[in-house]
Amino acid sequence: MAAVEADMGSMTLESLPTDPLLLILSFLDYRDLINCCYVSRRLSQLSSHDPLWRRHCKKYWLISEEEKTRKNRCWKSLFIDTYSDVGRYIDHYAAIKKAWDDLKKYLEPRCPRMVLSLKEGERESENGHIRACSHCKLTPDASATMYIWLTLLGSMALSNHYRSEDLLDVDTAAGGFQQRQGLKYCLPLTFCIHTGLSQYIAVEAAEGRNKNEVFYQCPDQMARNPAAIDMFIIGATFTDWFTSYVNNVVSGGFPIIRDQIFRYVHDPECVATTGDITVSVSTSFLPELSSVHPPHYFFTYRIRIEMSKDALPEKACQLDSRYWRITNAKGDVEEVQGPGVVGEFPIISPGRIYEYTSCTTFSTTSGYMEGYYTFHFLYFKDKIFNVAIPRFHMACPTFRVSIARLEMGPDDYEEMEEEEHEEEDNDDDSADMDESDEEEEIQRRVFDVPIRRRRCSRLF
């Protein structure tokens with residue numbers, strides 16, 4: 001027993017057999033694995049064991065077995081060569097490249113027109129244009145993304161419903177770098193040719209913004225100060241913003257219809273079945289038509305009405321009217337009813353699907369809608385029945401009030417309050433309208449907008 005303890009006491013890391021040492025090294029990160037090369041000759045040899053670098057090549061650079069075979073290189077050599085090229089982006093490279101590859105693979109069979117718009121990449125040195133124009137250093141993930149887009153993959157035109165946002169190239173983004181009050185140290189990522197709206201990334205923390213945040217700007221229309229710009233926060237970082245968009249597309253969360261990506265979010269619980277008819281709803285928030293001051297939040301929703309293919313032919317029916325019960329976050333309720341939907345009276349038969357898009361506004365940051373459609377059977381026109389529309393909730397993204405508003409003085413607030421009182425008085429006057437005018441006014445709160453048949457230009 002004493003002899004065994006003596007042998008164990010003299011055992012060192014160097015004296016361990018090769019297999020246990022390789023197992024230990026397999027749990028190390030690439031930084032520690034490289035450091036082991038400087039500990040001793042034996043650890044240097046073991047750390048260069050090529051299979052150890054296979055995991056790191058796949059984890060950080062997404063290098064496949066096929067690519068390794070094609071290049072006829074060892075794993076360690078591939079890792080070092082790639083690191084020397086894009087090592088400064090190692091914390092973000094894999095997530096962004098995987099998202100881009102997934103997006104391209106998903107769109108190829110579904111939207112070949114988008115994939116055909118793929119442009120040749122440019123040199124990574126183009127990032128210098130932004131640094132020269134902005135005098136700011138890009139966030140690591142934003143720089144990694146620009147490298148991947150512009151150098152490895154290029155850019156793609158992504159058509160989208162309602163918006164037409166182009167991902168800006170480096171030169172255009174650099175030219176749009178903001179130094180003015182309200183958007184100081186913000187770099188535009190996208191631009192919509194229809195609304196003039198851009199998504200920005202905060203390159204530096206300033207004016208109440210956190211560094212790396214991606215947001216839609218929303219001018220404060222009541223502050224009388226062009227520097228008062230509220231923000232709808234879209235992503236905490238560049239990587240979050242892009243990967244979230246891609247995940248919604250490739251998971252089917254954003255449906256693709258007629259070469260357009262519909263940026264609607266579908267809650268699996270927003271489905272109701274009445275007999276053979278199923279109604280489902282998906283929603284979307286439109287920042288370009290919304291504002292925080294005054295409170296005006298614009299939402300669109302997409303309705304899908306489907307009759308089971310197993311339904312009997314005599315169950316064919318036609319939609320006559322709709323009824324909506326709209327409730328905002330304060331509990332205020334409005335009821336809206338009218339003939340048909342979007343000016344149409346669709347006929348639903350077994351296996352048929354009818355879809356339409358509509359929209360509504362709230363004076364609160366959230367609300368919900370529910371209701372029913374009234375149908376009549378085609379073969380028994382005197383028989384009518386209601387089909388439930390599931391309750392669906394709508395909520396605007398997190399927003400941040402402009403620091404310019406927070407710094408306003410008492411006199412400025414008094415002027416704003418007077419204006420708000422005047423608006424309330426105008427609202428009271430409008431409340432005195434007769435019953436028919438009131439019903440017409442309420443109906444204008446819910447707009448019926450058919451799905452656009454035209455093809456949008458480039459959109460993200």
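The values are calculated or read from the model by the stated rules, or taken from the named source; none is laboratory data. Computed from a predicted structure; not experimentally measured. Reconstructed Cβ throughout: ideal geometry from the backbone, glycine too, with neighbour counts over all protein chains shown. The accessibility values were calculated without ligands, DNA or RNA, using every heavy atom of the protein model including side chains. Shrake-Rupley method; radii C 1.70, N 1.55, O 1.52, S 1.80 Å.
Please list the non-local residues whose amide H lies under 5 Å from the amide H of Arg352, H modeled 1.01 Å from N, same-chain partners needing a gap of 5 or more.
For Arg352, whose amide H was placed from the backbone, the distant partners under 5 Å are Met307.
Label points 7 Å out from Cα along the Cβ direction at Gln45 and Arg70: separation in nm?
Result: 3.6 nm between the two label points.
On average, how much accessible surface per residue is there in region 165-315, in Å², for a 1.4 Å probe, leaving out ligands, DNA and RNA?
Working: 5930 Å² over 151 residues.
In whole numbers, region 165-315 has 39 Å² accessible per residue.
Roughly how big is region 267-309's charge dipole about its Cα centre, with Cβ charges of +1 (Lys, Arg) and -1 (Asp, Glu), in debye to the nearest 20?
Dipole about the Cα centre, nearest 20: 100 debye.
Separation between the Tyr38 and Ile353 pseudo-spin-labels, each 7 Å from Cα along Cα→Cβ, expressed in nm?
Each label point lies 7 Å from its Cα, and together they span 6.0 nm.
Taking a virtual spin label 7 Å from the Cα of Tyr368 along the C-beta vector, which residues in region 235-279 bring their backbone nitrogen under 18 Å of it?
265-273, 279
Could you calculate the contour length gain from Thr18 to Glu314, that is, 0.36 nm times the residue separation minus the distance between their Cα atoms, to one decimal place in nm?
Computed gain between Thr18 and Glu314 is 98.9 nm.
Pull up all non-local amide H partners of Glu213: gap of 5 or more, or a different chain, and H-to-H distance under 5 Å with H placed in the peptide plane.
For Glu213, the qualifying residues are Ala202.
Provide the solvent-accessible area of Cys270, counting protein heavy atoms only and rolling a 1.4 Å probe, rounded to the nearest 10 Å².
Only protein atoms counted, so the area is about 10 Å².
5 Å is the cut-off here: which amide hydrogens, built 1.01 Å from N in the peptide plane, fall below it relative to Ser321, excluding neighbours closer than 5 in sequence?
Excluding prolines and chain starts, which carry no amide H, the hits are Gly340, Thr374.
Can you compute 3J(HN,Hα) from phi for each residue in region 388-404, using the Karplus curve 6.51 cos²θ - 1.76 cosθ + 1.60 with θ = phi - 60°, rounded to whole Hz and x for Gly and Pro?
The phi angles translate into 5, 9, x, 5, 10, 9, 10, 9, 6, x, 4, 10, 10, 6, 4, 5, 5 Hz.
Among 222-232, 21-31, what's the highest-first ranking by average C-beta atoms within 10 angstrom per residue?
Final packing ranking: 222-232, 21-31.
With every protein chain in place, what's the accessible area of Lys315 (1.4 Å probe, Å², nearest 10)?
70
In nm, what is the difference between 0.36 nm times the number of residues separating Ile257 and Phe27 and their Cα-Cα distance?
Result: 78.2 nm gained on full extension.
Starting at the first residue of region 185-199, write each ³J(HN,Hα) from the Karplus equation 6.51 cos²θ - 1.76 cosθ + 1.60 with θ = phi - 60°, in whole Hz, x for Gly and Pro.
6, 10, 10, x, 9, 9, 8, 9, 6, 8, 10, x, 8, 10, 9
Could you give me the ³J(HN,Hα) list for region 231-241, computed from phi with Karplus coefficients 6.51, -1.76, 1.60 and θ = phi - 60°, whole Hz, x at Gly and Pro?
9, 8, 7, 9, x, 6, 9, 4, 4, 4, 4
Could you check the simple spin-label distance between Ile403 and Tyr379, using points 7 Å along Cα→Cβ, in nm with one decimal?
It works out to 7.0 nm between the two label points.
Mind giving me the FRET efficiency for Ala388 and His296? R0 is 25 Å, r the Cβ-Cβ distance, nearest 0.05 is fine. Provide the component values of the computation, followed by the final result.
Values: r = 29 Å, r/R0 = 1.18.
Computed FRET efficiency for Ala388 and His296 comes out at 0.25.
Roughly how many Å² is the accessible area per residue of region 323-389, as a whole number, for a 1.4 Å probe?
So region 323-389 comes to 47 Å² accessible per residue, rounded to a whole number.
Among the listed pairs Lys98/Lys184; Lys315/Lys381; Lys59/Lys97; Lys184/Lys211; Lys104/Lys309, give every one whose C-alpha distance is greater than 22 Å.
Going by Cα-Cα distance, Lys98/Lys184; Lys104/Lys309 fall outside the 22 Å limit.
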